[in-house]
Amino acid sequence: MDSFLIKGGVPLHGTVAISGSKNAVLPIMAATLLTDEPCVIRRVPDLSDTRFMARILESLGAQAKWEQGTLTIRAQKIRGYADYDLIRQMRGSICIAGPLLARLKEARVSLPGGCVIGARPINLHLKGFEALGAKIGIVGGYVDATARKLCGATMFLGGRAGSTVLGTDNVMMAATLADGVTVIESAACEPEVVDLAKFLNAMGAKISGAGSPTITITGVKKLHGAEHEVIPDRIEAATYAIAAAATNGEVTLRGARADHLRAVFDKLDETGVSVERRGANLVARRHGRLTAVDATTLTYPGFPTDVQAQMMSLLTLAPGISIITERIFESRFMHVSELARLGADIEIEGPSAIVKGGRPLSGAPVMASDLRASAALVIAGLAAKGATHVNRIYHLDRGYEHMDAKLRKLGARIQRVAE
Ligand code: EPU
């Protein structure tokens, strides 16, 4: 298992190219199952999650060809069965269920199970499929979804924590080939949902309202092949902006979209960090002393749960008391005990973490637990004095394209150590 060895205390300077969005491309890859024609997806990040999704599609009978960030997928003949051994390794892969149900009228997909950040239920996905007329059974850990035909329906997909991103994606994909009109109320508004809708419309779907809480899908008979360029990864951009601030450097985010990151940039501004437009790019740097702030994670356009851990690392450096409240996932604080190993003073009180910031961090060996927690540990290691060894970085390789190389280009002293 590889690890990162970071010698901290070096301000990051330079330009980082933001990759295509992991959470946009995964459902877009799944959507290629909706047609027997080839689809071409551009700006696909080279991640273990994207490679794994391609393997899942291949296990269903599709052919996938990579060519330097461009992925061509043809799902000419497919089957509707996805094995537990594949699905459990990447919970995001549940988004193959909607396309399989739409195209084959049957899908047998393993239930993904929980993970370290929370229980990750899929009740809202299934509620949507049922509203479209599918019969759902849970047998031996698998979801069996079948339908003689899918019929458009109006449904409410709000849940305990608000909307669901992959649930909205799944039902939207299933509805593209249904008879009649589907209206999803309390739909997720994330830019990744909008990007999927754009790709589906390029395939011949009729979707309007994506990006708002009401999405309308008018079913069509057939979808065709299409080409698409994936949006830049807003979470990767936020991670590098925070790394620039944590090390008191200045980093240009090439290709990032400010309109996808308003809540993050607003919170960073309150913390003493500006992200300003310079030509076609965005530049992140401190504009004063770091200040303690409160932040609560919400669905889009609120502050994203996927940036909560990285923000916490930054706030350990801001003198005063910051309160970070996690409203999306129930146990997304695995990074707290690891940050404490670097000298951070953080207490958990229910859904909130109370950060007493301002103490300097010092390097230590730490263990990565999930993707964003790992990014938070890398940021803390870059800001800390001395050496930090981040173990189990396979989590990072799932969602950050060539992170060590990108950080080295910004001047960081970071090495990948193979074990
Ligand atoms: N939820 C339900 N029922 C459902 C589905 C979700 O109660 O049927 C709850 C969840 O338990 C959670 C909340 O709704 O409390 C939001 O979950 P959501 O369904 O939106 O999460 P997701 O679609 O499974 C995607 C991203 C996550 C990101 C969340 C929230 C992908 C592949 N994953 O997950 O990304 O945190 O949306 O924005 O798009 C990451 O990249 O590190 C990551 C975990």
By average C-beta atoms within 10 angstrom, highest first, the peptides 23-31, 391-399, 319-327: 23-31, 391-399, 319-327
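Rounded, prolate or oblate: which fits the stretch 39-83 when a ≥ b ≥ c are the square roots of the eigenvalues of the alpha-carbon gyration tensor, with rounded for a/c under 1.5 and prolate only if a/b beats b/c? It would help to have the intermediate numbers written out before the result.
Values: a/c = 3.17, a/b = 1.52, b/c = 2.09.
The shape class here is oblate.
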Which one, Ile138, Pro112, His224, projects farthest toward the positive side of the charge dipole computed for the chain from Cβ point charges (K/R +1, D/E -1)? His224
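How high is the relative contact order of the stretch 283-419, in percent, counting Cα pairs under 8 Å that sit 6 or more residues apart? Don't skip to the answer; put the middle values down first.
Values: 244 pairs, mean separation 28.0, N = 137.
Normalised by residue count, the contact order of the stretch 283-419 is 20 percent.
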Anyone know which of Gly279, Gly98, Gly158 comes out most mobile in the 10 Å Cα GNM of the chain? Gly279
Hey, what did the chain get for relative contact order, percent, Cα under 8 Å, at least 6 apart? 22 percent
Treat each spin label as a single point 7 Å out from the Cα along the C-beta direction, and report the Ile323 to Ala280 distance in nm. 4.4 nm
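Which pairs, out of Lys135/Lys221; Lys7/Lys65; Lys65/Lys406; Lys127/Lys149, put more than 28 Å between their alpha-carbon atoms?
Numbers: Lys135/Lys221 21 Å; Lys7/Lys65 38 Å; Lys65/Lys406 25 Å; Lys127/Lys149 16 Å.
Among Lys135/Lys221; Lys7/Lys65; Lys65/Lys406; Lys127/Lys149, the Cα-Cα distance tops 28 Å for Lys7/Lys65.
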Of all DSSP beta bridges with both partners in the chain, the antiparallel percent, nearest 5, is 70 percent
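I need the fraction of alpha carbon pairs in the stretch 113-253 separated by more than 22 Å, rounded to a whole percent.
On the way: 4714 of 9870 pairs.
So the portion of pairs separated by more than 22 Å is 48 percent.
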Ala119 versus Thr218: modelled label distance in nm, points set 7 Å from Cα along the beta carbon direction: 4.0 nm
First check a/c for the stretch 251-379, with a ≥ b ≥ c the square roots of the eigenvalues of its C-alpha gyration tensor; if it is under 1.5, answer rounded, and if not, answer prolate when a/b is larger than b/c or oblate otherwise. prolate
Added length on full extension, which subtracts the Cα-Cα distance from 0.36 nm per residue, Ala418 to Lys149: 91.7 nm
Need the list of aspartates and glutamates near Lys385 for cross-linking: C-alpha distance under 17 angstrom, and skip anything on the same chain fewer than eight residues off. Glu338, Asp345
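Once Rh is set to the Kirkwood radius over Cα pairs, what Stokes-Einstein translational diffusion coefficient, in µm²/s, holds for the stretch 200-303 at a temperature of 20 °C and a viscosity of 1.002 mPa s?
On the way: Rh = 16.0 Å.
So the translational diffusion coefficient is about 134 µm²/s.
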Inter-label distance for Ala161 and Arg51, nm, one decimal - labels placed 7 Å from Cα along Cα-to-Cβ: 2.8 nm
Which order do peptides 335-341, 381-387 fall in by mean Cβ count within 10 Å, highest first? 381-387, 335-341
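Can you give the convex hull volume per residue for the Cα atoms of the chain, as a whole number of Å³?
Working: hull volume 51.2 nm³, N = 419.
Convex hull volume per residue, Cα atoms: 122 Å³.
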If each residue of separation counts as 0.36 nm, what is the full-extension length gain between Ala340 and Arg257 once their alpha-carbon separation is subtracted? 26.6 nm
Around Ala131, what is the net charge, scoring Lys/Arg as +1 and Asp/Glu as -1 over all other residues with Cβ under 15 Å from its Cβ? 0
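What is the local net charge at Gly14, summed over the other residues whose Cβ is closer than 13 Å to its Cβ (Lys, Arg +1; Asp, Glu -1)?
Details: positive: Arg254, Arg285, Lys406, Arg408, Lys409; negative: Glu250.
With Lys, Arg at +1 and Asp, Glu at -1, the neighbours total +4.
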Build a GNM of the chain with springs between Cα atoms under 10 Å: which of Val40, Val116, Val194 gets the top mean-square fluctuation? Val116
Computed FRET value (nearest 0.05) for Glu106 with Leu298, which takes r as the C-beta separation and R₀ as 30 Å: 0.25
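Which order do the peptides 367-375, 126-134 take when ranked by the mean count of other beta-carbon atoms within 10 Å per residue, highest first?
Working: 367-375: 24.4, 126-134: 21.7.
Listed from highest to lowest mean packing, they are 367-375, 126-134.
Can you pull the Rg over Rh of the stretch 295-361, Cα-only, Kirkwood? Don't jump to the answer; show the numbers that get you there.
Values: Rg = 11.1 Å, Rh = 11.8 Å.
Dividing the radius of gyration by the Kirkwood radius yields 0.95.
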For the stretch 105-179, what does the relative contact order come out to in percent, with C-alpha contacts under 8 Å and a separation of six or more? 34 percent
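Share of the chain's accessible area from carbon and sulfur, percent, 1.4 Å?
Numbers: 8180 of 16000 Å².
Of the solvent-accessible surface of the chain, carbon and sulfur hold 51 percent.
The values are calculated or read from the model by the stated rules, or taken from the named source; none is laboratory data. Treat the numbers as computed from the prediction; the structure is a model and nothing was measured. Note that each Cβ is placed from the backbone with ideal geometry, even for glycine, and that neighbours are counted across all protein chains shown. Each accessible area value is taken on the protein alone, full model and side chains, heavy atoms only, with ligands, DNA and RNA left out. Shrake-Rupley method; radii C 1.70, N 1.55, O 1.52, S 1.80 Å.
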